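Undergrad: Sharing a structure here in structure tokens format.
The values are calculated or read from the model by the stated rules, or taken from the named source; none is laboratory data. In this text the structure is predicted, and so the values were computed from the model without any measurement. FYI the Cβ positions are ideal-geometry reconstructions off the backbone, even for glycines, and counts take in every protein chain you see. Note: accessible area is taken over every heavy atom of the protein model, side chains too, but ligands, DNA and RNA are not part of it. Shrake-Rupley method; radii C 1.70, N 1.55, O 1.52, S 1.80 Å.
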Amino acid sequence: MKTSSLLACKHFAAEWIRAFEIKRAGGNIQRLDEIADFNDDEVLRRGLWMISIVGGPVVYLVCPLVLSIVQTFLWMQVTAFLWTLLKVAMGLIFVIFLLAIYFTFLHNDRGSVG
């Protein structure tokens, strides 16, 4: 039961990323064919790495810099709330990075053994 729900969640995430990639490809037939050839694991792996590579510097560097500048103009309660949201975003990006590592290295090793 737990395995099937995890597989369903993985499939849902892969389809969501695939739909985003299809929208981003536009009318490029070659790119659409490449996306169609990818299985769920490849789509998920590519999406997780893309989110990690783009989101990491934004969330860990740009957002704290901007928030530290903007906090001088905001109320302390709003600033505290925004810092908390930023910490949650940092945690999510870190978890996404760990998932990207898992699906790239550990998942392939486990699949090739058995």
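Undergrad: Among the candidates ALA36, ALA8, ALA13, ALA19, which residue alone is under 15 Å from PHE103 (Cα atoms) and either in a helix (DSSP H, G or I) or out of contact with any helix residue (DSSP H, G or I) (no Cβ under 9 Å at 6 or more places or on another chain) (or both)? Talk me through it step by step, then tell me what you get.
TA: Details: ALA36 fails: under 15 Å from PHE103 (Cα atoms); ALA8 fails: under 15 Å from PHE103 (Cα atoms); ALA19 fails: under 15 Å from PHE103 (Cα atoms).
Of ALA36, ALA8, ALA13, ALA19, the one residue that is under 15 Å from PHE103 (Cα atoms) and either in a helix (DSSP H, G or I) or out of contact with any helix residue (DSSP H, G or I) (no Cβ under 9 Å at 6 or more places or on another chain) (or both) is ALA13.
Undergrad: On the given criteria, is VAL70 free of Cβ contacts under 8 Å to residues at least 24 places away in the same chain and either part of a helix (DSSP H, G or I) or open to solvent by 90 Å² or more (accessible area, probe 1.4 Å) (or both)? Reasoning before the result, please.
TA: Working: free of Cβ contacts under 8 Å to residues at least 24 places away in the same chain: yes; either part of a helix (DSSP H, G or I) or open to solvent by 90 Å² or more (accessible area, probe 1.4 Å) (or both): yes.
Considered against the rule, which asks whether it is free of Cβ contacts under 8 Å to residues at least 24 places away in the same chain and either part of a helix (DSSP H, G or I) or open to solvent by 90 Å² or more (accessible area, probe 1.4 Å) (or both), VAL70 comes out as yes.
Undergrad: Only residues in the stretch 41-58 that are closer than 16 Å to LEU98 by Cβ count as the first member; pair them with residues that are among the charged types (D, E, K, R), Cβ under 7 angstrom, at least 6 apart or cross-chain, and list the lot.
TA: LEU44/LYS10
Undergrad: Scan the stretch 49-67 for residues that are open to solvent by less than 50 Å² (accessible area, probe 1.4 Å), under 10 Å from ILE93 (Cα atoms) and not small (Gly, Ala, Ser) and report the count.
TA: 1
Undergrad: Restrict the check to the stretch 15-28 and report whether at least one residue is at pLDDT 90 or above, aliphatic (A, V, I, L, M) and open to solvent by less than 70 Å² (accessible area, probe 1.4 Å). It would help to see each step written out before you state the result.
TA: As a first pass, look at the stretch 15-28 and keep what is at pLDDT 90 or above: none.
Within the stretch 15-28, not a single residue is at pLDDT 90 or above, aliphatic (A, V, I, L, M) and open to solvent by less than 70 Å² (accessible area, probe 1.4 Å).
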